[in-house]
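The values are calculated or read from the model by the stated rules, or taken from the named source; none is laboratory data. Here the structure is a predicted model, which means the values were calculated and not measured. Here the Cβ positions follow ideal geometry from the backbone for every residue, glycine too, while neighbour counts run over all protein chains shown. These accessible areas exclude ligands, DNA and RNA; they are computed on the full protein's heavy atoms, side chains included. Shrake-Rupley method; radii C 1.70, N 1.55, O 1.52, S 1.80 Å.
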Amino acid sequence: MAYASHIINHSKKLRNVPNFLRHEHSILVRWFSNGTQPSIGKRDDIRKIHRRHCNVPSERETVTRSATNGAMSKFGVQKRNPIAGLAFNQGLSSSQVYMRRGFSSNSGLPPHQEIGMPSLSPTMTEGNIARWLKKEGDKVAPGEVLCEVETDKATVEMESMEDGYLAKIIHGDGSKEIKVGEVIAVTVEEEGDIAKFKDYKPSASDANTASGSSAPATPKKEVVEEPVSSPEPKTSKPTVATPAEDRVFSSPLARKLAEEQKVPLSSIKGTGPNGTIVKADIEEYLASRGKEVSAAAPSAKAGTPAALDYTDIPHSQIRKITASRLLFSKQTIPHYYLTVDTCVDKLMDLRSQLNSLQEVSGGKRISVNDLVIKAAALALRKVPQCNSSWTDDYIRQYRNININVAVQTDNGLFVPVIKDADKKGLSRIGEEVKQLAQKAKENSLKPEDYEGGTFTVSNLGGPFGIKQFCAIINPPQAGILAVGSAEKRVVPGSGPEQFEFASFMSVTLSCDHRVIDGAIGAEWLKAFKGYIENPESMLL
């Protein structure tokens with residue numbers, strides 16, 4: 001029972017310990033007795049007692065125990081909880097914060113809690129610390145923001161989940177490429193314990209756990225033992241005398257000149273009696289070598305390029321993830337492209353009428369892009385095969401029509417999502433697009449603002465005047481619509497030799513051929529063109 005008392009004195013979290021000891025005395029004695037190995041049944045008993053008397057939520061718990069010479073030296077509870085306290089998403093299943101509480105340790109540290117880098121999106125394997133809003137020594141309470149974490153898609157706030165004091169910041173402001181689960185800070189329960197963590201460093205096992213959770217284990221290489229061969233006995237080989245034909249004959253004067261100029265005699269062919277190298281041969285060799293050096297010097301200078309003036313811009317987390325996903329898309333998705341021209345005269349007239357009504361009612365103006373999003377959503381409802389994604393076992397066809405809208409910012413490319421776009425009016429779509437675009441420029445998008453899209457629209461025509469382009473599919477989606485600019489063209493009139501002017505907009509549909517066959521893609525473009533050229537049908 002001395003070990004149980006030792007643990008109780010080191011944590012104020014176990015407030016109902018008297019009841020704990022009084023009601024389950026026998027099980028505790030069995031658990032903490034020297035030389036006793038914990039069994040599955042005992043673990044179940046201790047968990048039941050711990051939940052019943054200490055009011056602990058039913059998260060995943062692991063009771064760890066290490067023994068030295070039969071004596072209890074460490075007792076801890078390791079918990080991995082969902083991020084219930086994150087400001088941006090309470091209850092998001094894909095977000096997890098990694099926490100580990102130690103009640104005591106062999107190093108004599110007081111009760112503390114290690115906070116790991118949270119997983120804030122399904123694709124996140126590492127993150128950056130943008131800045132800490134709390135300093136070492138500050139008191140923290142549930143709901144207070146500890147720091148801002150830069151994920152692969154946005155910068156979000158991480159909140160404290162318990163009362164305590166921030167004892168140690170492991171990774172400071174601007175720390176980059178921190179693996180999910182790696183310890184970033186330590187909190188304690190008592191203010192007087194802060195100084196004891198001044199030189200605290202996470203254990204190597206924690207770092208291995210973090211790296212192991214974010215990267216798949218590499219298979220072990222099989223070591224093939226090579227047969228040991230017995231050394232061959234050394235035998236002395238007789239030296240072969242150099243034949244007389246290999247000797248180089250030269251005059252004393254030629255030999256002296258060659259030594260002064262460091263010329264190898266073996267590379268010179270003698271012109272004297274019996275091939276003897278004479279002074280004239282050395283001088284001729286030096287003259288020919290000087291010509292070669294003088295001829296090679298200008299070419300070497302001409303081939304040296306001028307020094308380039310450049311600036312290296314470090315990759316942001318968003319830029320790296322965008323590059324990785326786009327490269328994955330082009331390497332694994334068989335793209336094909338369909339382009340069609342749509343007449344937008346009626347669309348522009350309807351937009352003018354709707355904006356007049358919006359001005360009277362005090363609403364925001366409707367853009368061409370808002371009408372394009374609505375038309376794309378209705379076309380997906382009519383041709384649901386394009387509202388799908390590929391998996392190894394099946395094609396998943398979505399009932400929700402959620403349109404991602406590409407937004408370019410100074411921080412990179414964002415794709416916020418308009419959910420259930422087919423069920424929303426043009427005014428509502430326009431308001432959401434403007435709000436999400438502003439949040440993207442401020443780098444304050446939350447995961448629910450960009451996750452869950454089933455189709456993407458990218459418009460480079462209106463803001464940039466691009467006539468036509470082909471966009472890269474945003475996996476796991478199966479299609480993306482690239483919208484070009486509208487331009488006036490001369491078209492045949494109703495009568496002979498009559499011509500009229502009309503505005504046409506080019507759109508290109510990029511399709512995943514594993515999911516969308518060519519005829520299906522053409523059918524979707526036909527439906528989209530019908531809504532654009534007869535926009536009143538979108539209001540029905």
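Residues that are of a type in the set (Ser, Thr, Tyr) and part of a helix (DSSP H, G or I) were ranked within the stretch 316-329; the one that is nearest to residue 514 (Cα to Cα) is 329. Scoring residue 344 on the criteria (1) at pLDDT 95 or above; (2) in contact with a Ser or Thr (Cβ under 6 Å, 6 or more places away or on another chain); (3) open to solvent by 20 Å² or more (accessible area, probe 1.4 Å); (4) over 29 Å from residue 123 (Cα atoms) leaves a single failure, condition (3). Highlighted here are the strands (runs of 3 or more DSSP E) found entirely within the stretch 330-432 that include at least 2 residues which are within 14 Å of residue 457 (Cα to Cα) and in contact with a Pro (Cβ under 9 Å, 6 or more places away or on another chain): 403-405, 407-409. Quick check on residue 332: is it open to solvent by less than 40 Å² (accessible area, probe 1.4 Å) and of a type outside the set (Gly, Ala, Ser)? Considered against the rule, which asks whether it is open to solvent by less than 40 Å² (accessible area, probe 1.4 Å) and of a type outside the set (Gly, Ala, Ser), residue 332 comes out as no.
Just wondering, is there one or more residues in the stretch 466-486 that are surrounded by 11 or more Cβ atoms within 10 Å (Cβ to Cβ), more than 34 Å from the chain's Cα centre (by Cα) and within 22 Å of residue 424 (Cβ to Cβ)? No, the stretch 466-486 has no match at all.
Checking 162, 144, 177 one by one, the residue that is under 13 Å from residue 114 (Cβ atoms), acidic (Asp, Glu) and touching a strand residue (DSSP E or B) at 6+ places or on another chain (Cβ under 8 Å) is 162 and no other. Restricting 277, 333 to those that are modelled with pLDDT of 85 or more, touching a helix residue (DSSP H, G or I) at 6+ places or on another chain (Cβ under 7 Å) and not acidic (Asp, Glu) reduces the list to 277. For the stretch 349-363, the candidate set comprises residues that are closer than 19 Å to residue 433 by Cα and surrounded by 14 or more Cβ atoms within 10 Å (Cβ to Cβ); within that set, the residue that is modelled with the lowest pLDDT is 363. Taken as a whole, the condition of being without any contact (Cβ under 8 Å) to a residue 40 or more places away in the chain and either surrounded by fewer than 16 Cβ atoms within 10 Å (Cβ to Cβ) or among the hydroxyl-bearing types (Ser, Thr, Tyr) (or both) does not apply to residue 518. Meeting the requirement of 2 or more residues that are at pLDDT below 90, of a type in the set (Val, Ile, Thr) and closer than 30 Å to residue 324 by Cα, the strands (runs of 3 or more DSSP E) wholly within the stretch 69-170 are 155-159. Against the list (1) open to solvent by 70 Å² or more (accessible area, probe 1.4 Å); (2) of a type in the set (Ser, Thr, Tyr); (3) within 23 Å of residue 533 (Cα to Cα), the condition residue 508 fails is (1). The selection criterion, being closer than 23 Å to residue 404 by Cβ and part of a strand (DSSP E or B), does not hold for residue 466.
Among the residues of the stretch 524-535, not a single one is of a type in the set (Val, Ile, Thr) and either within 26 Å of residue 391 (Cα to Cα) or open to solvent by 10 Å² or more (accessible area, probe 1.4 Å) (or both). Of all residues in the stretch 481-527, those being out of contact with any Cys (no Cβ under 9 Å at 6 or more places or on another chain) and either of a type in the set (Asp, Glu) or in a loop (DSSP other than H, G, I, E, B) (or both) number 11. Scanning the stretch 152-180 for residues that are crowded, with 21+ Cβ neighbours inside 10 Å and of a type in the set (Lys, Arg) yields a count of 2. With the structure loaded, tell me whether residue 243 is modelled with pLDDT under 75 and over 30 Å from residue 111 (Cα atoms) or whether it fails that test. Yes: the conditions hold for residue 243.
Given the criteria open to solvent by less than 60 Å² (accessible area, probe 1.4 Å) and either at pLDDT 55 or above or under 30 Å from residue 478 (Cβ atoms) (or both), does residue 261 qualify? No; evaluated as a whole, the condition is false for this residue. Return a yes/no flag: does the stretch 487-503 have any residue that is surrounded by 21 or more Cβ atoms within 10 Å (Cβ to Cβ) and touching a Ser or Thr at 6+ places or on another chain (Cβ under 9 Å). The answer is no; no qualifying residue exists.
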